[in-house]
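Below you'll find the structure, written out as structure tokens, and then a few comments.
The values are calculated or read from the model by the stated rules, or taken from the named source; none is laboratory data. As the structure is a computational prediction, the values presented were derived from the model and not from experiment. For neighbour counting, all protein chains shown are included, and Cβ atoms are generated from backbone atoms with ideal geometry for every residue, glycine included.
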Amino acid sequence: MADDVDSISKSKAGDFVDAPINKSLSKEDKVGFLREMLRIRRFEETANKYYSAGKMGGFLHLYIGQEAVAVAAASLMGENDHMITAYRDHGHGLAVGMSMNECMAELFGRETGCSKGKGGSMHYFAPDKNFWGGHGIVAGQTPLGLGIAYALKYHEKEGCCMCFLGDGAVNQGAFHESLNLAELWDVPVIYIIENNGYSMGTSQERSSAHGEHLAQRAEAYGMEWAVMNGSHIYELRDGIGKAIKRAHKECRPTMLEVDTYRYRGHSVADANATKYRTKDEIEDYKLNHDPLNLWKQQLQDEGLLNENDYKAMNKEAKQEAEASAEFAEQSNWPPESDIMADIYYEVDEQTEAGLTGQHFFNH
Amino acid sequence: MPEITYRQALNEALAEEIERDPNVFIMGEEVAQYNGAYKVTEGLWKKYGDKRVVDAPISEAGFIGMGVGASMLGLRPVMELMFWSFAYVAFDQMINNAATVRYMSGGLIHCPIVVRGPANGGTNVGATHSHTPENLFANMPGLKVCVPATAYDAKGLMKTAIRDNDPVYVMENTLLYGDTWEVPEDEYTIPLGVADVKKHGSDISLIAHGRAALTCLKAAEILAADYDIDAEVVDLRSIRPLDEDAVLESVRKTNRAVVVEENKPFCGVGAQIASLISEKAFDDLDAPVMRLSAIDAPAIYSPKLEETQLPRPQDVIEKVLAIS
């Protein structure tokens, strides 16, 4: 892990401020990024609180520490740019514009949830916002992201699909098959490895054979790749922006690796979160690499933010998160009849095709 | 009515749907320039070009998963598996993604994908190439599975599968590709979930799907000629959705049933049918429901022995006589 922390410390939050993609940002844009990151952080903290209080089932994979990645990526999305990710999906969902209410209610398993309480924490979806999930199987989303981008190309749209994955996903076969197809067929997909150093409890050193970087594996497929600091909005926007431009203008894929870190365990149920890494490591990260702290400082250095504005924004985010938990808790459970809905399109829509034969076999 | 091969019927279905809907495209190993490993897609690449008929590398998890993703955005991929046995390397994509994404998104997404190819034993290619996974896939709510036995059914079901807005897995049979059947020149489709009584009879119901339905037809001929038994042959055609009414109606008439399949016995489609009959037509039965499946071992290579591993007409007759 030390190598990665070193590489993170090489760049600064203010680097890439003059990159063309960042130069056009307004004060509102820049402050907006902080607001979005704060919203994600407070949402996750609130979710954690209610999860620990037994209000939710299943798993809860928190995005705390990685907020800059989803916020920077979402800030670059145009009409035909899409996003798909794995199970650590709350940050991406909020970043593309899903409401805290629908996201929190999904965690609580209520009918007002984004998936009507049918997907849970790992399975957020908002196709109207070009967000295609939320996928529970490690690397299972990587061929899907390829397919979304393939469909854009098929329809001759200038767009891309950003397909996020964790560093633990890079050893799955489906991912490698996807890389081959992406480069072979010039598919405008961007694979973004959010490298937080651990695939669950196994460090990168114990799980992945690689040269200097995981993304270097792209070279084997003749694919463009880059590594960037996952805590710096400017750098992320510059790197992801270049990949999007490649997808739009050349219809070609890219593999990006962003160095990031998660404060918490793999999931909240990860009792060993502080055992496979040192307290010093976590503390160092909080102090020197937290994307929120770094961006806040950057905005202050640029004279765009004062402490009062920050406090107000932080308070607002906390209140919004708390209100979403209240909304979730007051929402109804899905009706029992809902168990049998949303399985087949043709049955739900009562089309002719949905009327012939037995679709279900309940006794 | 002209007679065409099962292969040609599929080829026509694919061509007609490519022409009908610009979102339909075919992808698979050797489907384009090679004209298809079993020539089902012969001539389509030449006629419709690179965009509509795409050769994929040997990478089933990758390209089928890609098709699932593309279908989420509204394309209608028709993915060929050279053998259904190869579905096992794409299983995660076909189950975890295609079957569940609609449910987990609360109905926001659907996957109009077709996966097709041959699923059969009997060709001496050993256990890895002889799987018949219709029961495995039909076990998954969210998926649809059909197994056409004739050229007529193959064409009508394939066209329906491509137009369906849910994932439909079509399992064909290499032993049938060259067989000819009457197929109308005018356009037609066959709905999923509708069985076909391929021979009417009054003494016993032979319920089958895929090539086993044809085995039952041969058995029925012999039963009529040599044993004076008038067997009815019900071809399920579609496994999920399943035409339960057709099964029950037949059994209520004949009061006896043998369920025949080329799949292995444990939790096979036959088990589902036998359970259905015992639950809903128990009082109509004059004898226990009998099952006939492939012999319960991995598909053997040895050509002489493999012949005996799959149900033959004489095996069907033996079961019929045991309860007649």
> Just checking, which of A:Gly109, A:Gly93 is within 20 Å of A:Ala126 (Cα to Cα), in a helix (DSSP H, G or I) and either within 13 Å of the chain's Cα centre (by Cα) or at pLDDT 95 or above (or both)?
Replying inline: A:Gly93
>> Quick check on my filter: what residues within segment A:55-81 are more than 20 Å from A:Lys30 (Cα to Cα), over 12 Å from the mean Cα position of the chain (by Cα) and of a type outside the set (S, T, N, Q)?
In response: A:Lys55, A:Met56, A:Gly57, A:Gly58, A:Phe59, A:Leu60, A:Glu79, A:Asp81
> With respect to the numbered conditions (1) without any contact (Cβ under 8 Å) to a residue 40 or more places away in the chain; (2) in a helix (DSSP H, G or I); (3) of a type outside the set (Val, Ile, Thr); (4) under 30 Å from A:Phe360 (Cβ atoms), which one is the sole condition not fulfilled by B:Glu232?
Replying inline: (2)
> Is it the case that some residue within segment A:62-70 is of a type in the set (S, T, N, Q) and assigned to a loop (DSSP other than H, G, I, E, B)?
Replying inline: yes
> Taking B:Ala271 and the conditions (1) away from chain A (no Cβ under 11 Å); (2) surrounded by 19 or more Cβ atoms within 10 Å (Cβ to Cβ); (3) touching a helix residue (DSSP H, G or I) at 6+ places or on another chain (Cβ under 9 Å), which numbered condition does it fall short on, given that it satisfies the others?
Replying inline: (2)
> Among B:Met72, B:Met94, B:Met1, B:Met82, which is modelled with pLDDT under 95 and of a type outside the set (S, T, N, Q)?
Replying inline: B:Met1
>> Residues that are surrounded by fewer than 17 Cβ atoms within 10 Å (Cβ to Cβ), in a helix (DSSP H, G or I) and of a type in the set (Gly, Ala, Ser): does segment A:343-363 have at least one?
In response: no
>> What's the total number of residues in segment A:154-166 that are crowded, with 24+ Cβ neighbours inside 10 Å and at the interface with chain B (Cβ under 10 Å from one of its Cβ atoms)?
In response: 2
> What are the residues in segment B:262-293 that are closer than 19 Å to B:Val194 by Cβ and either in contact with a strand residue (DSSP E or B) (Cβ under 7 Å, 6 or more places away or on another chain) or assigned to a strand (DSSP E or B) (or both), if any?
Replying inline: B:Val269, B:Ile273, B:Ile277
>> Give me the residue from segment B:64-110 that is of a type in the set (Val, Ile, Thr), at the interface with chain A (Cβ under 9 Å from one of its Cβ atoms) and farther than 23 Å from A:Lys153 by Cβ and, out of that set, nearest to the chain's Cα centre (by Cα).
In response: B:Val89
> Which strands (runs of 3 or more DSSP E) does segment B:1-87 wholly contain that include 3 or more residues that are among the hydroxyl-bearing types (Ser, Thr, Tyr)?
Replying inline: none
>> Among (1) in contact (Cβ under 8 Å) with a residue 60 or more places away in the chain; (2) away from every other protein chain (no Cβ under 14 Å); (3) surrounded by 19 or more Cβ atoms within 10 Å (Cβ to Cβ); (4) more than 19 Å from the chain's Cα centre (by Cα), there is one condition B:Glu3 misses while meeting the rest; what is its number?
In response: (3)
> Out of B:Ala208, B:Ala138, B:Ala195, B:Ala149, which single residue is facing chain A (nearest Cβ under 10 Å), closer than 26 Å to B:Ile229 by Cβ and buried (at least 20 other Cβ atoms within 10 Å of the Cβ)?
Replying inline: B:Ala195
> Does any residue of segment A:70-83 turn out to be farther than 28 Å from A:Asn229 by Cβ, modelled with pLDDT of 95 or more and either out of contact with any strand residue (DSSP E or B) (no Cβ under 6 Å at 6 or more places or on another chain) or buried (at least 24 other Cβ atoms within 10 Å of the Cβ) (or both)?
Replying inline: yes
> Which is at the interface with chain B (Cβ under 8 Å from one of its Cβ atoms) and either touching a Pro at 6+ places or on another chain (Cβ under 8 Å) or surrounded by fewer than 24 Cβ atoms within 10 Å (Cβ to Cβ) (or both), of A:Ala174, A:Ala169, A:Ala151?
Replying inline: A:Ala174
>> Given (1) in a loop (DSSP other than H, G, I, E, B); (2) surrounded by 21 or more Cβ atoms within 10 Å (Cβ to Cβ), identify the lone condition not met by A:Cys103.
In response: (1)
